[in-house]
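Only one structure is covered here, and it is reproduced in the block below.
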Amino acid sequence: MQQNAHLVLGERNTLLIDRDTPHGVFLKAQDDKDVLLPKAYVTPAMKVGDLVEVFLYTDSEDRLVATTLMPTAMLDQFGFFEVVDTTKFGAFVNWGLPKDLFVPRMFQKAPFQIGERKFLRVVYDEMTHRLAGTEKFSKYLDKKPKGLKPHQEVKALIIDKTPLGFKCIVEDRYEGLMFHNEIFEKLSIGDQKTAYVKNIRKDGGIDLSLRKIGGAKTKSAAQKVLELLHANKGILPYNYKSAPELIQEVFGMSKKDFKRTLTTLQEKGQIEVKETGIYLKG
């Protein structure tokens with residue numbers, strides 16, 4: 001770990017334990033600016049002179065403070081948050097820290113309701129000089145992807161399901177799409193997936209694939225079926241007539257691939273398919 005040059009609000013900081021006090025330990029950046037890590041987060045293993053990784057945010061009195069807890073999302077990142085309180089000025093969402101994240105009314109598309117889960121970006125509010133959440137994040141997305149190329153591995157956060165496929169935020173900066181006819185596993189809103197760039201469209205949108213393009217699949221369809229059989233005492237309650245949705249959820253493949261795989265495994269004498277299911281042989 002390398003000590004931070006400066007204290008950075010809203011990000012993970014690596015800081016030097018400078019001194020111990022009754023209220024906690026003070027952590028220092030290279031520029032000698034310091035911040036308190038409250039006693040609640042200090043462990044017996046922490047010693048003066050050690051480097052420690054913390055997150056910096058502001059407390060209820062707008063003072064910079066450190067915590068060893070990490071939030072749902074940091075500055076300039078996206079995440080799903082539960083609404084825990086509302087006021088006429090905005091709403092508060094749980095982001096995994098003692099002080100909830102505030103979402104000003106002007107940053108909401110419609111008034112929030114307690115108990116809702118909202119997809120937000122954590123931003124720096126220039127008016128209050130605090131971290132805040134915003135539902136209006138389109139202006140933060142880069143419409144001209146730079147440095148991305150076909151086949152590149154990327155981080156994709158699934159944010160919505162559309163008639164075409166699943167809408168994603170790519171690398172916390174771009175908008176992407178995974179098409180339904182190319183997805184062979186169960187996906188849910190909020191899933192964080194490793195994906196691969198298929199194509200970058202003229203409008204800046206990115207077409208994604210969950211499979212490494214041009215590379216070998218990490219696990220063959222036959223391996224998946226056989227591994228599931230071994231894990232379930234040699235019997236699985238599926239066959240050629242099983243519903244496509246069920247096959248996709250259980251085996252992570254299309255019905256066409258599933259049927260082809262069963263036929264191949266039967267021809268090799270490794271399985272037997274009956275009305276009651278798939279049976280491991282040998």
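Candidates are the residues of the stretch 9-38 that are assigned to a loop (DSSP other than H, G, I, E, B) and without any contact (Cβ under 8 Å) to a residue 60 or more places away in the chain; the one that is farthest from residue 132 (Cα to Cα) is 22. Filter the stretch 161-203 down to the residues that are of a type in the set (A, V, I, L, M) and in a loop (DSSP other than H, G, I, E, B), then identify the one that is modelled with the lowest pLDDT. Once the filter is applied, the top-ranked residue is 183. Just to be sure before I move on: is residue 231 exposed (fewer than 12 other Cβ atoms within 10 Å of the Cβ), farther than 30 Å from residue 148 by Cα and among the small types (Gly, Ala, Ser) in the structure I sent? For residue 231, the condition - exposed (fewer than 12 other Cβ atoms within 10 Å of the Cβ), farther than 30 Å from residue 148 by Cα and among the small types (Gly, Ala, Ser) - is met.
Scoring residue 114 on the criteria (1) modelled with pLDDT of 95 or more; (2) surrounded by 18 or more Cβ atoms within 10 Å (Cβ to Cβ) leaves a single failure, condition (2). Number of residues in the stretch 236-250 that are in contact (Cβ under 8 Å) with a residue 40 or more places away in the chain, in contact with a helix residue (DSSP H, G or I) (Cβ under 9 Å, 6 or more places away or on another chain) and either of a type outside the set (Ser, Thr, Tyr) or surrounded by fewer than 17 Cβ atoms within 10 Å (Cβ to Cβ) (or both): the value is 2. Note on the stretch 232-260: among residues that are outside any helix (DSSP H, G or I) and charged (D, E, K, R), the one that is farthest from residue 277 (Cα to Cα) is 233. Set side by side, the residues 62, 76 differ, and just one is at positive phi, loosely packed, with under 13 Cβ neighbours inside 10 Å and not aromatic (Phe, Trp, Tyr), which is 62. Of all residues in the stretch 39-78, those satisfying the criterion of being part of a strand (DSSP E or B) and without any contact (Cβ under 8 Å) to a residue 60 or more places away in the chain are 51, 52, 53, 54, 55, 56, 64, 65, 66, 67.
The values are calculated or read from the model by the stated rules, or taken from the named source; none is laboratory data. Since the structure is predicted, the reported quantities are computational estimates derived from the model, not experimental observations. Note that each Cβ is placed from the backbone with ideal geometry, even for glycine, and that neighbours are counted across all protein chains shown.
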